1. Can you work out which of the residues in segment 96-105 that are open to solvent by 90 Å² or more (accessible area, probe 1.4 Å) and assigned to a strand (DSSP E or B) is farthest from L45 (Cα to Cα)?
2. Take segment 63-94 and flag every residue that is on the phi < 0 side of the Ramachandran plot and within 14 Å of the chain's Cα centre (by Cα).
3. V137 passes all but one of (1) assigned to a strand (DSSP E or B); (2) at pLDDT below 95; (3) hydrophobic (A, V, I, L, M, F, W, C); which number fails?
4. Considering only helices (runs of 4 or more DSSP H) fully contained in segment 1-47, which possess at least 3 residues that are without any contact (Cβ under 8 Å) to a residue 40 or more places away in the chain?
5. Go through segment 59-95 and report how many residues are in contact with a Pro (Cβ under 7 Å, 6 or more places away or on another chain) and open to solvent by 90 Å² or more (accessible area, probe 1.4 Å).
6. Identify the residue in segment 26-58 that is within 21 Å of L5 (Cβ to Cβ) and in contact with a helix residue (DSSP H, G or I) (Cβ under 6 Å, 6 or more places away or on another chain) and, among all such residues, is most open to solvent (accessible area, probe 1.4 Å).
7. For segment 48-57, what are the residues that are touching a residue at least 40 places away in the same chain (Cβ under 8 Å) and either assigned to a loop (DSSP other than H, G, I, E, B) or among the polar types (S, T, N, Q) (or both)?
8. Going through segment 110-133 one residue at a time, which ones are touching a residue at least 12 places away in the same chain (Cβ under 8 Å) and open to solvent by 30 Å² or more (accessible area, probe 1.4 Å)?
Amino acid sequence: MDPSLIPLAGGEVHGFRTLADLDITKLREDASTRWFRPNEVHAILTNSTHFTVLPQPVENPTNGSIVLFDRKMLRNFRKDGYNWKKKKDGKTVQEAHEKLKIGNEERIHVYYARGEDDPNFYRRCYWLLDKKLEHIVLVHYRQTLEEEHTSSNFEDSRFMIV
């Protein structure tokens, strides 16, 4: 069978029937210019077995990098070599927490952080709220041209896959 015709799990939720419909090549190309949409994130996380899940954190990933991790196997996946903006205590990374909806139902948890040294460099960490699949995390790094606001840009969210 042609790999692009492999059926995807969760198509009734995210709307992609096959890998060809999801078009990972195009998503990789877009990763440096836009955030993935919630349905794209859901499709990737629901079908993580079709992608490479890294065993180690990536050191200083570049703009547009999209990586998958298994939180059960790698607890320190956020140790990526960057200096992220800290809370007032000066130790803890200041991360905003949101839940993204597909349709009317919350399905994705996202944490996002802003670079301390470059306030236009962001990291978003996504995982499903589904208890059976919540261990897989998609992390997307992106350089933006302007400052972004916390929740207003989540409808156009995006990530990269190695």
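The values are calculated or read from the model by the stated rules, or taken from the named source; none is laboratory data. Not measured: the values here are computed from a predicted model. Virtual Cβ from ideal backbone geometry, glycine too; neighbours counted across all protein chains shown. What goes into the accessible areas is simple: the full protein's heavy atoms, side chains included, and nothing from ligands, DNA or RNA. Shrake-Rupley method; radii C 1.70, N 1.55, O 1.52, S 1.80 Å.
1. Step by step, filter segment 96-105, then rank; the result is H97.
2. The first filter runs over segment 63-94 and keeps only residues on the phi < 0 side of the Ramachandran plot, leaving 63, 65-80, 82-89, 91-94.
Across segment 63-94, the qualifying residues are N63, S65, I66, V67, L68, F69, D70, R71, F77, R78.
3. Going through (1) assigned to a strand (DSSP E or B); (2) at pLDDT below 95; (3) hydrophobic (A, V, I, L, M, F, W, C) one by one, V137 breaks only (2).
4. Here the list reads 19-22, 24-30.
5. Qualifying residue count, segment 59-95: 2.
6. Across segment 26-58, the extreme among qualifying residues is N39.
7. Selection gives S48, F51, T52.
8. The first filter runs over segment 110-133 and keeps only residues touching a residue at least 12 places away in the same chain (Cβ under 8 Å), leaving 110-130, 133.
Passing the criteria: Y111, R114, E116, D117, D118, P119, N120, L129, D130, L133.
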